[in-house]
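Student: Quick one: the structure is below, questions incoming.
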Amino acid sequence: MQKSNVTEKFRKWATGYSGCDGGDLGSSTSPSIWVCGIEWGGGGNKEWLEKQLEYEAKDPGSGYDTPKDNLAYIFNRQTVKLLCAIDGGKVEDYETFAMDKKPFVKLEHGYYKMNLYPLSFKNTNKDLWSDEFSDLTGFNSKGDYVEWCRLNRLPALSDMAKKYKPKLIICFGKTYKEDFKRAFVDDCNEEHAEDILDRHISWYHDKSTTIVVCPFPVNRYGLNSNELLQAFGEKIKTIINQ
């Protein structure tokens, strides 16, 4: 796929804040914790994408209206449990943590939520593509779309991280580790790794930012129990304090 085939509307949208639920990006003087998934779930259609492309994703996203709205999604509940453990609490108290710290909620501080890829699909299967998406993006397949994003969107995410300097980026999806590294890790940074309760964690220290790559929090091979989330949260807490 040649870059010239990409529609201009998609290029602007995909290299902006598309795929971001929002919250507080933070700054060098008040750094946030970022959480990065792979892509929005659920699956979008032509009408959804048309509206997204008109929006152009110039705004980083303000986040959820309330903590209750945030906790309505299982991915977010698991994420909040992990954040609670990183903060020094117990995952069983995640609802109290959510009401107190208000991660990813409008006008609150300290947390930001985003994705590697901007389009919404039911899952990460490479066969999930449609002619309607081709017309609006210029790509013939999801593979073409993913490769373009690797070359053009992930460097834009890297620029975002360099600008806002989060203290921690939690990346979910170990099979996408190379993509997370392209987005957030310089080639010169040393990789550290450890197995925790038969699950794998990798991490990198990049100047003022620590990047960790964890298993996805909602599948059978991921961080699918309170015990795992507690253990990973406690490990991440020690990592960022090193």
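The values are calculated or read from the model by the stated rules, or taken from the named source; none is laboratory data. Treat the numbers as computed from the prediction; the structure is a model and nothing was measured. So basically every Cβ, Gly included, is an ideal-geometry build from the backbone, and we count neighbours across all protein chains shown. Protein only, heavy atoms only, side chains kept; ligands, DNA and RNA dropped before computing areas. Shrake-Rupley method; radii C 1.70, N 1.55, O 1.52, S 1.80 Å.
Student: Looking only at region 107-124, count every residue that is among the charged types (D, E, K, R) and under 21 Å from Ala161 (Cβ atoms) and tell me the total.
Tutor: Residues of region 107-124 among the charged types (D, E, K, R): 108, 113, 122.
After this cut, where a residue has to be under 21 Å from Ala161 (Cβ atoms) as well, the list is 108, 113.
Count: 2.
Student: Name every residue in region 111-156 that is out of contact with any Asp or Glu (no Cβ under 8 Å at 6 or more places or on another chain) and of a type in the set (Phe, Trp, Tyr), in order of residue number. Please lay out each step first, then the result.
Tutor: Kept after step one, since they are out of contact with any Asp or Glu (no Cβ under 8 Å at 6 or more places or on another chain), are these residues of region 111-156: 122-123, 125-135, 137-141, 143-149, 151-153, 155-156.
Scanning region 111-156 gives Trp129, Phe133, Phe139, Tyr145, Trp148.
Student: Take the residues of region 185-236 that are over 19 Å from the mean Cα position of the chain (by Cα) and closer than 16 Å to Pro166 by Cβ: which is most open to solvent (accessible area, probe 1.4 Å)?
Tutor: In this case the residue turns out to be Lys207.
Student: Which helices (runs of 4 or more DSSP H) does region 34-104 wholly contain that include 1 or more residues that are under 24 Å from Ser208 (Cα atoms) and open to solvent by 20 Å² or more (accessible area, probe 1.4 Å)? Before you say what the answer is, go through the steps one by one.
Tutor: Working: elements: 46-55, 67-70, 74-86, 94-101.
Those helices (runs of 4 or more DSSP H) span 94-101.
Student: I'm trying to understand the selection: among the residues of region 7-22, which are open to solvent by 20 Å² or more (accessible area, probe 1.4 Å) and touching a residue at least 12 places away in the same chain (Cβ under 8 Å)? Spell out the reasoning first.
Tutor: Of all residues in region 7-22, those open to solvent by 20 Å² or more (accessible area, probe 1.4 Å) come to 7-9, 11-12, 15, 17, 21.
Those that are open to solvent by 20 Å² or more (accessible area, probe 1.4 Å) and touching a residue at least 12 places away in the same chain (Cβ under 8 Å): Thr7, Lys9, Arg11, Lys12, Thr15, Tyr17, Asp21.
Student: Looking only at residues in region 94-141 that are among the hydrophobic types (A, V, I, L, M, F, W, C) and within 19 Å of Gly173 (Cα to Cα), which one is farthest from the chain's Cα centre (by Cα)? Walk me through it before giving the result.
Tutor: Going residue by residue through region 94-141, those that are among the hydrophobic types (A, V, I, L, M, F, W, C) are 97-99, 104-105, 107, 114, 116, 119, 121, 128-129, 133, 136, 139.
Those still in the list that are within 19 Å of Gly173 (Cα to Cα) too: 114, 116, 119, 121, 128.
Values: Met114: 4, Leu116: 6, Leu119: 13, Phe121: 15, Leu128: 20 Å.
Among those that are among the hydrophobic types (A, V, I, L, M, F, W, C) and within 19 Å of Gly173 (Cα to Cα), it is Leu128.
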